[in-house]
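Every number here is computed from the coordinates shown, using simple stated rules; none is lab data. Keep in mind the model is a prediction, meaning the values are calculated, not measured. When we count neighbours, we look across all protein chains shown, and the Cβ atoms used for this are built from the backbone with ideal geometry, even at glycine.
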Amino acid sequence: MSRSDNDLERYFQRNQGRQIHKWVHYFDVYERHFQRFRGKPITVVEFGVQYGGSMQMWQDYFGPDARFVGVDIDPRCRAWADDRTTIMIGDQADRGFLAEVAEVAGTIDVIIEDGGHYPAQQIATFEELYPRMSPDGVFLIEDLLTSYKPKYDGGLGRDGTFMEYAKALTDRLNAFHSVEPGLVVDDFTRTTRSMHFYDSIVVFERGPVSAPRTQKTGLASWNPADHAAWEAEQARAGAPLRRRVRAMVPLPVRDAVRAARRNVRRQVRRLRKRLSGPR
């Protein structure tokens, strides 16, 4: 997608209102995963409201039928509440508070997690709210560069960061193929269609998932002659079906087609006769 086609980035670059602070490469990710929700009566929860600029951007992007819940730890963010937006103040690491968020929000279609950035907050938010989302909802968590920053209890391969947590979830995504007791199909497996990893972002796309199945079509042979014989047999087997289809065509239509064919043949014969005559 070209930059000019991205409505979110265009809004961001033209913004003269409340401050929005984003890594610029995020906008293509937003567009890829959020576009299908535009103009629909959805519920969006944003963690990390701060100056309220991104909330205004989401309102503009998703449209007038969307409702919003903004979550922040700073009480000053209550100033950004309006008739479409509920603001809740609390700590994401508090699972009791997250249960209140879930109750207020109801069924959530989109979560944008840009809140406290500490692993305990991120993991608690995912575990408490992801199971309560709509069957085709999207959970996007950003600024995961903090998983690599000691300031935020991060570090490469460090246990307990959200990035390490997300890596482990990829195994559960594939649990239908496991034969080990430590990896079994669970609710996450059955309700998550895909996970997408980007620079500092992980996106979870929900959807019903059943046990995968394999299927074979065509002929398993290395011999071209076998394939030729197989194709001929398939053509013969299809002949009765073609006859049945012709029989379903009304008789007047079939007669008209035959008459048209005869007329075409007559015209061809006359043309050939003229062309083969004396010059």
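Brief remarks follow.
- Theoretical FRET efficiency, 1/(1+(r/R0)^6), r = Cβ-Cβ of D60 and R272, R0 51 Å, to 0.05: 0.15
- Taking the fewest neighbouring Cβ atoms within 10 Å as the starting point, the ordered list for F204, F197 is F197, F204.
- D136 paired with A120, simple spin-label distance in nm, labels 7 Å along Cα-to-beta-carbon: 3.9
- Between L145 and N174, residue separation times 0.36 nm minus the direct Cα-Cα distance comes to 7.9 nm.
- Only one residue of G96, Y198, V71 has its Cα farthest out toward the positive end of the dipole of the chain, where Lys and Arg carry +1 and Asp and Glu -1 on Cβ, and that residue is Y198.
- Taken along the Cα-to-beta-carbon direction at a fixed 7 Å, the label points for R38 and Q16 span 2.3 nm.
- Farthest toward the positive end of the dipole of the chain, out of V253, H33, L271, is the Cα of L271, where the dipole comes from beta carbon charges about the Cα centre.
- A235/W23 FRET efficiency (R0 51 Å; Cβ-Cβ; nearest 0.05): 0.30
- Part-to-part distance (alpha-carbon centres) for the stretch 88-162 and the stretch 8-53, which is given in Å: 18
- For the chain, a simple Cβ point-charge model (Lys and Arg +1, Asp and Glu -1, everything else neutral) yields a dipole of about 4580 debye relative to the Cα centre.
- Farthest towards the positive end of the charge dipole of the chain, among the residues I87, W222, A175, is the Cα of W222, using unit charges on the Cβ of Lys, Arg, Asp and Glu.
- P(r) weight above 28 Å for the stretch 1-150, C-alpha pairs, percent: 13
- Options (i) 66, 19, 15; (ii) 58, 28, 19; (iii) 37, 21, 17 - which one matches semi-axes √(5λ) of the Cα gyration tensor in Å as calculated here: (ii)
- For the chain, the number of Lys pairs separated by eight or more positions or lying on different chains, with C-alpha atoms closer than 29 Å, is 6.
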